[in-house]
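Below: the structure, in structure tokens.
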Amino acid sequence: MTPTPTPTPTPTPTPTGNLGCSATYRVVSQWSGGFQGEVRVVAGSSAIRGWTVSWTLGANEAVNWPWSATVTTSGSTVTARDAGYNGALAAGAATTFGFLGTGSASTPTLSCTAS
């Protein structure tokens, strides 16, 4: 009789907690041809070491002169990364960054990723 091989157990991933974040956007002020935007980043139920927020620009909209984040634009996609000093957030803690924009302010949908 041939022995039946015993299946090798599949390792269970180690939970890392809820390394999440959320981001909300608001227009602080607007003027002819421009606006000031602000984004609030909030850590999830666990502390995070850094964050990245991205969104898509509206028509004829551009992001310029950011503060408290490193901001890059590729086509119509904006990516903002923490500035180092404001990346580590305790669970539930928040930070903000802002920028001046040109064009008419839209209401973007933000995506937040924590590390």
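Just so it is clear, none of the values below were taken in a lab; they were calculated from the coordinates. Keep in mind it's a predicted model, so treat the numbers as computed, not measured. For neighbour counting, all protein chains shown are included, and Cβ atoms are generated from backbone atoms with ideal geometry for every residue, glycine included.
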Problem - Test: residue in the range 71-92 that is of a type in the set (A, V, I, L, M, F, W, C) and at positive phi - result: no
Completion exercise
A careful count of residues in the range 27-37 that are touching a Phe, Trp or Tyr at 6+ places or on another chain (Cβ under 9 Å), surrounded by fewer than 16 Cβ atoms within 10 Å (Cβ to Cβ) and more than 12 Å from Pro108 (Cβ to Cβ) gives 2
Practice task
Filter the range 63-94 for residues that are exposed (fewer than 15 other Cβ atoms within 10 Å of the Cβ) and touching a residue at least 40 places away in the same chain (Cβ under 8 Å) and give the result.
Solution key: Ala90, Ala91, Gly92, Ala93
Handout entry: Subset of the range 26-58 (residues that are of a type in the set (Gly, Ala, Ser), out of contact with any strand residue (DSSP E or B) (no Cβ under 8 Å at 6 or more places or on another chain) and free of Cβ contacts under 8 Å to residues at least 40 places away in the same chain)
Key = Ser32
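Considering only the range 51-62, state which residues are buried (at least 16 other Cβ atoms within 10 Å of the Cβ) and of a type outside the set (S, T, N, Q). If you could, list the steps in order and put the result at the bottom.
So in the range 51-62, the residues buried (at least 16 other Cβ atoms within 10 Å of the Cβ) come out as 51-55, 57, 61.
Within the range 51-62, Trp51, Val53, Trp55, Leu57, Glu61 meet the criteria.
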